[in-house]
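The values are calculated or read from the model by the stated rules, or taken from the named source; none is laboratory data. Keep in mind that what you see is a predicted model, and the values were worked out from it rather than measured. In this analysis, Cβ positions are derived from the backbone assuming ideal geometry, glycine residues included, and neighbour counts consider all displayed protein chains.
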Amino acid sequence: MKIEDVKVIGVVGAGIMGRGIAQTCAQVGYTVHLIDVEESLLEKALKQIAEGPFGLATLVEKGKLSPERATEILNRIKTTTDYDEFCKELDFVIEAVPEDVGLKKKVFKVLDEKCHKRTVFTSNTSSIMITELATAVKRKDKFAGMHWFNPAPVMPLIEVVRGPLTSEDTLRLVMDLSRKLGKTPVEVKDGPGFYTTRFITAYLFEAIRIFEDGIADVESIDEMTKLAFRHPMGPFELMDLIGLDTALHIGEYIYKLTGEPQYKPP
């Protein structure tokens, strides 16, 4: 499949990342199908896309979008809780459900059964190996990692993860689509945490250990990090944004596979 063949993009999961990814794709002109387990979650996602801090209303206020254009973008996002309906027309899928191996594999097994054979699958996982997730599908050559960053409409990087069976065509498509979405894709090889999550997890956990050692309190560590290293957020602020549960699951997963002590959750 080539970039010009992609017309409809499916996003699985309407949480913070999923809704941001859906918004980004719709802004570029794609028809987007967004699925989650409850209608209330989908309604909340559409409200955030329309009115949230990085949503369409903010772009209208800043003069970057007309109200008419914002309405067009929102109307491109179709929501459902039914996988049969969701999978009908998809050319490309971006999975963005919680960072749970079993849940993600369950989702991909359903997608593999219901989506057209041409459909390319990607996961927004921040740490789980693509090799492992791809065991849930038959189309392993059409499977890659597409790791976005929060907030998805704003952050420029997409970490593109190549699994051992990811085809050249699939890799090229993910890179081309990332660029079309206004992002900068960087290819990495598969491994627990890839580059970005492995790097940031060691940093976040070390900040906790420094706090535990009584060297500085939480507020001071955040403030020093921003002032000394020009980070927009300190490590504890960032963990609050990521979610402490997510940070814990990521650390446990990377530590289990690498055995390296810096990834053992404090």
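For this structure, a couple of remarks:
- In this structure, Leu173 does satisfy being hydrophobic (A, V, I, L, M, F, W, C), in the same structural domain as Phe92 (by TED's automatic domain parsing) and within 20 Å of the chain's Cα centre (by Cα).
- For Thr80, the conditions (1) of a type in the set (Ser, Thr, Tyr); (2) without any contact (Cβ under 8 Å) to a residue 12 or more places away in the chain; (3) surrounded by 14 or more Cβ atoms within 10 Å (Cβ to Cβ) are fulfilled apart from (2).
Per-residue answers, yes or no, for (1) of a type in the set (A, V, I, L, M); (2) touching a His at 6+ places or on another chain (Cβ under 9 Å); (3) outside the structural domain of Gly20 (by TED's automatic domain parsing):
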site	(1), (2), (3)
Thr125	no, yes, no
Val137	yes, no, no
Asn150	no, no, no
Pro153	no, no, no
Leu165	yes, no, no
Asp169	no, no, no
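- Index of the failed condition, Phe143 passing every other in (1) surrounded by 23 or more Cβ atoms within 10 Å (Cβ to Cβ); (2) touching an Asp or Glu at 6+ places or on another chain (Cβ under 9 Å): (2)
- Residues within the range 191-219 that are surrounded by fewer than 14 Cβ atoms within 10 Å (Cβ to Cβ) and in contact with a Gly (Cβ under 9 Å, 6 or more places away or on another chain), tallied: 2
- The one condition in (1) among the small types (Gly, Ala, Ser); (2) in contact with a strand residue (DSSP E or B) (Cβ under 7 Å, 6 or more places away or on another chain); (3) farther than 26 Å from Ile200 by Cβ that Ala144 fails to fulfil: (3)
- Residue check, Lys180 in contact with a helix residue (DSSP H, G or I) (Cβ under 9 Å, 6 or more places away or on another chain) and at pLDDT 95 or above: yes
- Which listed residue, of Glu68, Glu38, is without any contact (Cβ under 8 Å) to a residue 40 or more places away in the chain and of a type in the set (Asp, Glu): Glu68
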